[in-house]
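Worksheet: the structure to be examined is printed underneath.
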Amino acid sequence: MALIIIEGLDNTGKTTAAQKIAELLKFNYVSGGGPEVGTYEGALAKLKEGLPNKVQDRTFISEMIYGPILRGKSGISDQEFMKLMDFLRQNQCILVYARRTVTQILATFDERDQLSGVKEHLHELYEQYDHYMFNKLWTHMEKQPIIYNFDYTELSELVLLIKCWLCTDESKPCCSPVHKHKRRETASLMGDD
């Protein structure tokens, strides 16, 4: 079973990346946004949708960031957050953090409808995403998140990295422990600005 989640701020390329990765891997694509993921029950149901092999665009992590900033609180408690994180660990989730600079996000922000309040709180949301992805989630995930500065030309490298992490056949070159370690280093370096 493979569960791949693409997370990040609005306008960072999550949907585009998730759909393309799902197509290339022949996985199910699931859109994870919407009010239903603002509760533990809704978020868990959305995580289970489309399994065993799926790529999901956004999940409960967004609720933990957007909720407090835009509504004053999250609909998911810290205890529920940890239960959802356990689900990700149990399903060996590969988490991709789609990350762009604030300038890049704003360059095309008004080209489509956006959630109310995001633009006004963009810097704060950006800081909270970095905090969650680099601190909270990094310590809770079995496989460290892939930090992906979204660029269409790098999508093939991202897919290769995901395939390597999905591979369990140690006899294949991409699955050797040395290669996996190199891939992990590449994953974290993709986040450098």
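The values are calculated or read from the model by the stated rules, or taken from the named source; none is laboratory data. Remember, it's a predicted structure, so these values are computed and weren't measured experimentally. Don't worry about glycine lacking a Cβ; one is built from the backbone with ideal geometry, like all the others, and counts go over all protein chains shown. Heavy atoms of the whole protein, side chains included, go into the accessibility calculation; ligands, DNA and RNA do not. Shrake-Rupley method; radii C 1.70, N 1.55, O 1.52, S 1.80 Å.
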When restricted to A17, A43, A98, the only residue surrounded by 22 or more Cβ atoms within 10 Å (Cβ to Cβ) and in a strand (DSSP E or B) is A98
For region 1-29, pairs from a residue that is over 21 Å from L137 (Cα atoms) and among the basic types (K, R) to a residue that is modelled with pLDDT under 90 and open to solvent by less than 60 Å² (accessible area, probe 1.4 Å), with Cβ under 7 Å and 6 or more apart or across chains, are K20/L155
Scanning region 20-40 residue by residue, those at negative phi, part of a loop (DSSP other than H, G, I, E, B) and open to solvent by less than 50 Å² (accessible area, probe 1.4 Å) turn out to be F27, G32, G33
Filtering region 126-144 down to residues that are farther than 12 Å from G8 by Cα, open to solvent by less than 20 Å² (accessible area, probe 1.4 Å) and part of a helix (DSSP H, G or I) yields L137
message: Taking the criterion of being closer than 30 Å to L166 by Cα and part of a loop (DSSP other than H, G, I, E, B), would at least one residue in region 107-116 satisfy it?
response: no
Next on the checklist: Condition (residue is in a strand (DSSP E or B), of a type outside the set (S, T, Y) and open to solvent by less than 70 Å² (accessible area, probe 1.4 Å)) applied to region 60-83: is it met by at least one residue?
Outcome noted: no
Within the bounds of region 86-95, is there any residue that is free of Cβ contacts under 8 Å to residues at least 24 places away in the same chain, on the phi < 0 side of the Ramachandran plot and either touching a strand residue (DSSP E or B) at 6+ places or on another chain (Cβ under 6 Å) or open to solvent by 70 Å² or more (accessible area, probe 1.4 Å) (or both)? yes
**Prompt:** Does T12 meet the test of being open to solvent by 30 Å² or more (accessible area, probe 1.4 Å), within 14 Å of the chain's Cα centre (by Cα) and under 25 Å from F134 (Cβ atoms)?
**Reply:** no
Filter pass, H123 being surrounded by fewer than 15 Cβ atoms within 10 Å (Cβ to Cβ) and under 16 Å from the mean Cα position of the chain (by Cα)
no
